[in-house]
Amino acid sequence: QVQLEESGGGLVQPGGSLRLSCAASESIPSIYIMGWYRQAPGKQRELVADVTSGGSTNYADSVKGRFTISRDNAKNTVYLQMNSLKPEDTAVYYCNAKLPRIIPTHYWGKGTLVTVSS
């Protein structure tokens, strides 16, 4: 079973930047879509961004133009570069690997906390 481990979270001031990394325990088959989700206190988990092995990306409207997702297939790693951070970006960020079938299979990391505050 694939294991995912996030790193890079922390406390940052509004307008600042952070880069999250997610390392997989083994090679991720190219069919998997890699992504980042987040869950703020009292809210449902939501998709932030995802990327296919071919590099096609998808972003939530709230992060378009500020966040960039990238994937290094050789290193089994996916990144999330977050710029111009806002307090509303505060959440636990989860790495996800999704096998896109009729009933998708999801693998999740344990999450990393991002706090945007002055």
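Quick look at the values:
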{"read-out": "Accessible surface of the range 14-118, 1.4 Å probe, proportion on carbon and sulfur as whole %", "value": "49"}
{"read-out": "Convex hull (Cα only) mean projected area of the range 30-118, reported in nm² to one decimal", "value": "6.4"}
{"read-out": "Length gained when the stretch T57-L11 is fully extended (0.36 nm per residue, less Cα-Cα span)", "value": "13.9 nm"}
{"read-out": "DSSP-defined beta bridges in the chain - what % are antiparallel, rounded to 5", "value": "95"}
{"read-out": "Long-range tail of P(r) for the range 15-82 (Cα pairs > 20 Å, %)", "value": "28"}
{"read-out": "Residue-normalised accessible area of the chain, given per residue in Å² at a 1.4 Å probe", "value": "55"}
{"read-out": "For the range 104-114, 3J(HN,Hα) per residue [Karplus equation, 6.51 cos²θ - 1.76 cosθ + 1.60, θ = phi - 60°, Hz, x = Gly/Pro]", "value": "x, 9, 10, 10, 10, x, 7, x, 9, 7, 10"}
{"read-out": "Amide proton proximity set for N58, modelled H, under 5 Å, gap of 5+", "value": "D50"}
{"read-out": "³J(HN,Hα), Karplus 6.51/-1.76/1.60, whole Hz, each residue of the range 52-60, x for Gly, Pro", "value": "7, 5, x, x, 6, 10, 9, 10, 5"}
{"read-out": "Contact order normalised by residue count of the chain, Cα under 8 Å, 6+ apart, percent", "value": "36"}
{"read-out": "Lysines with Cα under 17 Å of K98, excluding same-chain neighbours fewer than 8 positions away", "value": "K110"}
{"read-out": "K43/D72 FRET efficiency (R0 25 Å; Cβ-Cβ; nearest 0.05)", "value": "0.25"}
{"read-out": "Sparsely packed chymotrypsin sites (Phe, Trp or Tyr not before Pro) within the range 15-73, loop by DSSP, other Cβ within 10 Å at most 11", "value": "none"}
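The values are calculated or read from the model by the stated rules, or taken from the named source; none is laboratory data. Being a predicted model, the structure only gives us computed values, none of them experimental. As a convention, Cβ positions derive from the backbone with ideal geometry for all residues, glycine included, and neighbour counts pool all protein chains shown. Side chains are part of the model used for accessible areas, which takes the heavy atoms of the whole protein and leaves out ligands, DNA and RNA. Shrake-Rupley method; radii C 1.70, N 1.55, O 1.52, S 1.80 Å.
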